[in-house]
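Take a look at the structure below.
The values are calculated or read from the model by the stated rules, or taken from the named source; none is laboratory data. Predicted, not measured: the structure shown is a model, and the values here were computed from it. Glycine gets a Cβ as well: all are built from the backbone with ideal geometry, and neighbour counts include every protein chain shown.
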Amino acid sequence: MTGGTPLRTLDEEDVLARILPLLPGSQALDVAPGDDAAVVQTGARTVATTDTVVLGRDWLDAWSSGADIGHKVITQNLADIAAMGGEPIGVLLTLVADPELSLEWVVDHAHGLADECAAAGVAVLGGDLSSAPAGVVMVSVTALGRLEGRPVLRSGAKPGDQLAVCGSLGLADAGLRLLQAGRAERHTEAVARQRRPRSPLDQGPRAARAGATAMLDVSDGLLRDGGRIARASGVVIEIESVALEPDVAALAGALGETAALDCVLSGGEEHSLLATFPAGTLPEGWRRIGSVRSAADGEPPRILVDGHAVAHTGWDHFRPD
């Protein structure tokens, strides 16, 4: 991040002049970046979400390039739009950085942002640059999306529904563990997923049209995120471990079966989609991994694996251990 052209040798307009031409625009923009705010035509209800990542907390330069962080922060925001059943249309970007951060890192980061936005077909609507104390680098993205139908909330799961996932489970966490252990070569796909997660964005609106009753993206772990659906909906979600066997098997050779299971149940940053659907309704690309039932008398809303509570917790920003 250092060793190139430090940001302190440039002014804000110089930095913007280097990165704005890299970022995609949109015909939906009435007013493009460069004014006090962008003006966007949506033609429907707008979904909005935001996320921030911090150097040393959410990424390490030893493992991730500026471009990697660009890909990751766009994906995690657009996955939230998809999880509401929305179609992403644009993002606002913020970089808060130590003035010693190199311009080269920022340009590399902008390329990652641009590539991921282009792949998703979304525009960069604007953003902000600010300085920070020594060693601090923060990247924030606010994403906007278009919602044609009803939003899919966490609170809509009903007894008799089936629980399903679209995408992988545990890969990103496995990649993190391998990077931490210095064994990245043991599972290159998992390491790649940790650096640049992928989300099945088109499946969010598809799930909504198919009648999904609740949905979110797996950002903090299958059990933690599935538990959020259970509590919001006032139900018990039963995960069937047999349905997770392919996910565990895909990681067991690199990590061992116990650690692989832990990744699948509690690993975050995957950004696959998790949803509940009425029985007999499952869109192509989704796979059933469990069911939803009513809570028994005195039983709290919760998530179980094969009928048992499991001690895996998943990621929490303020209690990461």
message: Just to confirm my filter: which strands (runs of 3 or more DSSP E) fall fully inside the stretch 100-197 and include at least 1 residues that are within 18 Å of Gly66 (Cα to Cα) and either of a type outside the set (Gly, Ala, Ser) or at pLDDT 95 or above (or both)?
response: 123-131, 137-147
- request: State all residues of the stretch 132-167 that are surrounded by 14 or more Cβ atoms within 10 Å (Cβ to Cβ) and farther than 28 Å from Gln203 by Cβ; if no residue qualifies, say none.
  value: Ala132, Val136, Val137, Met138
message: Can you list the helices (runs of 4 or more DSSP H) lying wholly within the stretch 209-310 that have 2 or more residues being of a type in the set (Ser, Thr, Tyr)?
response: 257-266
- prompt: Is there a residue being of a type in the set (D, E, K, R), closer than 28 Å to Arg206 by Cβ and modelled with pLDDT of 90 or more anywhere in the stretch 51-63?
  reply: yes
Scope the stretch 252-311; condition hydrophobic (A, V, I, L, M, F, W, C) and within 15 Å of Gln162 (Cα to Cα); matching residues: Leu273, Leu274, Ala275, Phe277, Ala279, Leu282, Trp286, Ile289, Val292, Ile303, Leu304, Val305
task: Please go through the stretch 53-88 and pick out each residue that is part of a strand (DSSP E or B) and either acidic (Asp, Glu) or surrounded by fewer than 20 Cβ atoms within 10 Å (Cβ to Cβ) (or both).
output: Val53, Val54, Glu87
query: in the same structural domain as Gly135 (by TED's automatic domain parsing), in contact with an Asp or Glu (Cβ under 9 Å, 6 or more places away or on another chain) and at pLDDT 95 or above: does that describe Ile74?
result: yes
